[in-house]
Amino acid sequence: MYRYDEYDQTLVDERVRQFRGQVARRLAGELTEDEFKPLRLMNGLYLQLHAYMLRVAIPYGLLSAAQMRRLAHIARRYDRGYGHFTTRQNIQYNWPKLEDTPDILAELASVEMHAIQTSGNSFRNTTTDQYAGVAADEIEDPRVYCEIIRQWSTLHPEFSFLPRKFKIAVTGAPNDRAAVRLHDIGLIMRRGDAGETGFEVIVGGGQGRTPFVGPTIREFLPKKHLLSYLEAIMRVYNQLGRRDNLFKARIKILVHEAGAEKVTEMVEEEWRHIKDGALDLPAEEVERIRAHFAPPPYETLAAAQPAFEEKKRADGAFATWADTNLAAHKVPGYAIVNLSLKPVGGIPGDATADQMDAVADLAEHYSFGEIRVTHEQNLVLADVRRTDLHVLWRKLRDIGLATPNLGLVSDIIACPGLDYCGLANARSIPVAQRIGNRFADLKRQHDIGELKIKISGCINACGHHHVGHIGILGLERKGEEYYQITLGGSADQDAAIGKIIGPAFSSEDVVDAVETVVNTYVELRQNGERFIDTYRRVGKEPFKERLYAAA
Amino acid sequence: MPLLKDGVLVDDPWVTVDDGTQLPMDGPAMVSLERWQAHRDELLGRNAPLGIRLKSDQSPALIADDLDRFAVVALEFPVFRDGRAYSYARLLRERYGYRGEVRAVGEVLRDQFLFMLRCGFDAFEVRDENAAGQWREAVSEISVVYQPAADSRTPVWALRHRRSAAE
């Protein structure tokens with residue numbers, strides 16, 4: 001993984017000193033809350049319903065064991081013993097004290113981490129495929145470019161006061177696990193005519209109150225032009241993005257109102273002036289960064305692992321987990337292991353300090369000391385020998401991280417909702433917990449198969465409900481919580497925005513409604529169809545009939 | 001309003017003339033884009049330095065062909081969150097090669113000085129007399145830059161390889 005050099009380290013150290021000064025000015029009353037707000041937001045510090053919330057950047061979701069231990073230590077010492085992994089592959093702490101936050105940032109800096117630009121109207125954490133570098137279907141490791149983007153976008157002098165926040169995602173594989181078409185900018189690595197690699201550039205996707213699947217504005221961008229092209233997009237957006245209405249300020253609205261063709265034209269025109277200039281990274285710098293992502297020293301192993309197969313035959317629970325939570329690794333004899341942060345009845349994405357420490361130990365023993373955070377709020381050990389899987393699984397079970405539900409009905413994305421968030425209209429977490437309990441029977445979950453439920457507590461859609469196979473949106477009406485259901489959304493390479501199925505359900509009825517949708521699918525499915533396949537074949541009518549027939 | 005240039009407070013010789021107001025006979029005067037567009041000949045006939053003040057929705061592209069007429073281009077920040085002028089300043093310096101004064105006016109806060117300086121601003125209308133002390137701190141507290149801009153700071157990716165080439 002990328003390691004800081006003296007420059008990277010100097011910047012985060014200086015940033016800690018700067019923020020310490022800002023907090024001191026706030027505590028001394030030299031800054032009003034209004035004046036302090038943009039400063040704390042540049043450092044990931046929000047004021048929520050009950051307390052401050054600190055969001056820590058995990059660049060493209062990659063952590064070392066030492067970093068994970070430091071996150072655990074922060075959870076214990078400065079918070080209430082847990083942290084919450086987010087859909088931007090970050091972690092947030094819900095109960096820090098303002099006066100402690102400079103110390104927390106100093107703790108982070110000591111392990112090459114920070115909270116820069118995890119909030120505010122600037123670039124947010126660049127996200128990627130959680131299987132980057134190890135996926136069998138990958139063209140090239142996208143993390144090299146994520147790191148290049150991270151550096152370029154850090155404290156960018158021109159783009160720190162954009163109309164609105166800005167999110168970039170990069171994938172190196174045709175199977176999109178990073179939801180790139182739902183980002184302000186999405187980049188997909190492609191091969192050009194001569195076999196060279198570059199990027200398809202997508203602009204103006206997004207969720208929130210007006211969801212869009214982003215259009216492609218350039219089919220192929222050679223890699224050397226990456227930063228100049230991004231800067232051209234940003235310069236167009238910074239000047240022309242709407243600033244009159246918070247809800248219309250994202251670049252997707254500019255793309256929607258001006259049209260993708262017009263935006264493409266403006267970007268290309270701006271780019272014409274700045275390409276082949278100072279933003280072309282020197283080849284030796286790209287190589288320096290690439291070297292940090294060199295594959296770990298894999299052993300030469302046989303693809304067939306009889307001992308692993310034998311364990312699966314002998315131990316049904318292990319087999320279920322292996323069939324559900326593992327993914328194909330590009331190196332023979334290795335597997336990608338998903339650690340579910342969605343235990344039945346738990347809070348999606350939460351991990352205790354003890355779990356974090358244990359995961360750090362397991363990463364060191366079994367996966368070259370690295371951990372990834374997924375945008376679906378789970379963790380990944382990416383490089384595990386198949387022969388180690390059984391013992392790893394037992395250890396994961398001991399710490400509650402072996403729930404075999406990856407991609408199943410209880411692997412739910414949920415925003416913090418009204419339990420924490422000042423913007424929310426309704427609670428998300430309890431709905432996720434109740435759905436988890438309703439489908440607690442794992443056999444039933446496996447029979448239902450791949451099904452992505454995503455829950456947001458308000459229209460800002462932090463829980464990605466628009467792209468849930470089943471999406472749930474919390475609403476508030478006369479002091480009561482209601483939940484609107486959408487069907488047919490998808491965040492992968494066939495990205496789609498879900499359709500509202502009908503009137504919202506009360507909190508009491510929403511879990512029954514989800515179950516009705518699931519049962520309808522089970523009755524209608526043919527030949528091993530997944531939920532999303534059946535929905536695309538039959539449309540929303542059969543579901544609507546069943547849901548509202550009784551009324 | 002105090003004016004900060006090169007880190008020190010200086011007397012501001014410029015008068016900002018509202019659109020309805022008579023132009024002073026002599027002395028440096030700053031006018032709006034609207035006045036410039038409506039009274040171009042009259043303004044050029046004045047035998048004194050001319051400046052222009054652009055609102056945050058007025059790109060310097062609108063005056064790109066006339067930039068040598070202006071000794072100052074002032075760019076407005078109606079609120080600190082409105083970041084359009086950062087792009088305008090870079091365009092002035094890097095696209096149009098403007099060498100005169102680029103002045104930040106409006107809500108110009110201490111914690112924006114460094115970004116503004118990097119984008120090519122070289123004069124700042126500030127709220128209070130303490131700004132000079134704040135300035136020194138604000139522009140030196142982060143020494144590392146990751147991207148080229150309109151200033152002379154060298155991005156770290158160039159520093160890294162300059163160093164390894166020397167070794």
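The values are calculated or read from the model by the stated rules, or taken from the named source; none is laboratory data. All figures in this text were calculated on a predicted structure; none of them were measured in a lab. Every residue, glycine among them, receives a Cβ derived from its backbone with ideal geometry; neighbour counts consider all protein chains shown.
Data table
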{"item": "Matching residues in region A:153-186 - criterion: being in contact with a Phe, Trp or Tyr (Cβ under 6 Å, 6 or more places away or on another chain) and either without any contact (Cβ under 8 Å) to a residue 12 or more places away in the chain or within 25 Å of A:TYR7 (Cβ to Cβ) (or both)", "result": "A:SER153, A:THR154, A:PRO157, A:GLU158, A:SER160, A:PHE166, A:VAL170"}
{"item": "Region A:220-265, residues that are more than 19 Å from B:PHE77 (Cα to Cα) and not in a helix (DSSP H, G or I)", "result": "A:PHE220, A:LEU221, A:PRO222, A:ARG250, A:GLY259"}
{"item": "Set B:ALA85, B:ALA71: member being under 18 Å from the mean Cα position of the chain (by Cα) and in contact (Cβ under 8 Å) with a residue 40 or more places away in the chain", "result": "B:ALA71"}
{"item": "Whichever residue in region B:113-147 is more than 24 Å from A:LEU227 (Cβ to Cβ) and among the aliphatic types (A, V, I, L, M) and, among such residues, is surrounded by the most Cβ atoms within 10 Å (Cβ to Cβ)", "result": "B:ALA131"}
{"item": "Enumeration of residues in region A:408-421 that are at pLDDT 95 or above and out of contact with any strand residue (DSSP E or B) (no Cβ under 9 Å at 6 or more places or on another chain)", "result": "A:LEU408"}
{"item": "Number of positions in region B:25-61 that are of a type in the set (Asp, Glu), under 20 Å from the mean Cα position of the chain (by Cα) and farther than 19 Å from B:GLY83 by Cα", "result": "1"}
{"item": "Region B:146-161 residues that are within 7 Å of chain A (Cβ to nearest Cβ), paired with ones that are among the acidic types (Asp, Glu) and outside any loop (DSSP other than H, G, I, E, B) (beta carbon under 8 Å, 6 or more apart)", "result": "B:VAL156/A:ASP8; B:TRP157/A:GLU285; B:ARG160/A:GLU285; B:HIS161/A:GLU284; B:HIS161/A:GLU285"}
{"item": "Filter result for the condition that a residue is touching a Gly at 6+ places or on another chain (Cβ under 8 Å) and either touching a residue at least 24 places away in the same chain (Cβ under 8 Å) or surrounded by 16 or more Cβ atoms within 10 Å (Cβ to Cβ) (or both), over A:GLN92, A:GLN18", "result": "A:GLN92"}
{"item": "Search result, residues across region B:61-117 that are among the polar types (S, T, N, Q) and within 20 Å of B:ARG127 (Cβ to Cβ)", "result": "B:GLN112"}
{"item": "In region A:136-160, residue surrounded by the fewest Cβ atoms within 10 Å (Cβ to Cβ) [restricted to those that are more than 10 Å from chain B (Cβ to nearest Cβ) and under 18 Å from A:LEU11 (Cα atoms)]", "result": "A:GLU147"}
{"item": "Test result for A:THR32, of a type in the set (S, T, N, Q) and loosely packed, with under 15 Cβ neighbours inside 10 Å", "result": "yes"}
{"item": "Test for A:GLY436: is it within 23 Å of the chain's Cα centre (by Cα) and at positive phi", "result": "no"}
{"item": "Members of region B:63-100 that are more than 10 Å from every other protein chain (Cβ to nearest Cβ), among the charged types (D, E, K, R) and surrounded by fewer than 17 Cβ atoms within 10 Å (Cβ to Cβ)", "result": "B:ASP65, B:ASP66, B:ASP68, B:ARG69, B:ARG99"}
{"item": "Selection within region A:395-440 - charged (D, E, K, R), surrounded by fewer than 23 Cβ atoms within 10 Å (Cβ to Cβ) and closer than 16 Å to A:VAL380 by Cα", "result": "A:LYS395, A:ARG397"}
{"item": "Every pair of residues 6+ apart whose Cβ atoms lie under 8 Å, when the first sits in region B:111-123 and is closer than 16 Å to A:THR154 by Cβ and at the interface with another protein chain (Cβ under 7 Å from one of its Cβ atoms) while the second is among the basic types (Lys, Arg) and not in a helix (DSSP H, G or I)", "result": "B:ARG118/B:ARG153"}
{"item": "Check on A:ASN425, within 20 Å of the chain's Cα centre (by Cα), of a type outside the set (Val, Ile, Thr) and farther than 20 Å from A:ILE58 by Cβ", "result": "no"}
{"item": "Helices (runs of 4 or more DSSP H) enclosed by region A:1-103 - at least 3 residues per element that are away from every other protein chain (no Cβ under 12 Å) and within 26 Å of A:THR126 (Cβ to Cβ)", "result": "A:65-78"}
{"item": "Odd one out for A:SER367, checked against (1) surrounded by fewer than 16 Cβ atoms within 10 Å (Cβ to Cβ); (2) of a type outside the set (A, V, I, L, M, F, W, C); (3) over 28 Å from A:TRP95 (Cβ atoms); (4) out of contact with any Lys or Arg (no Cβ under 7 Å at 6 or more places or on another chain)", "result": "(1)"}
{"item": "Residue in region A:188-208 that is nearest to A:VAL236 (Cα to Cα), counting only those that are over 19 Å from the mean Cα position of the chain (by Cα) and in a loop (DSSP other than H, G, I, E, B)", "result": "A:GLY192"}
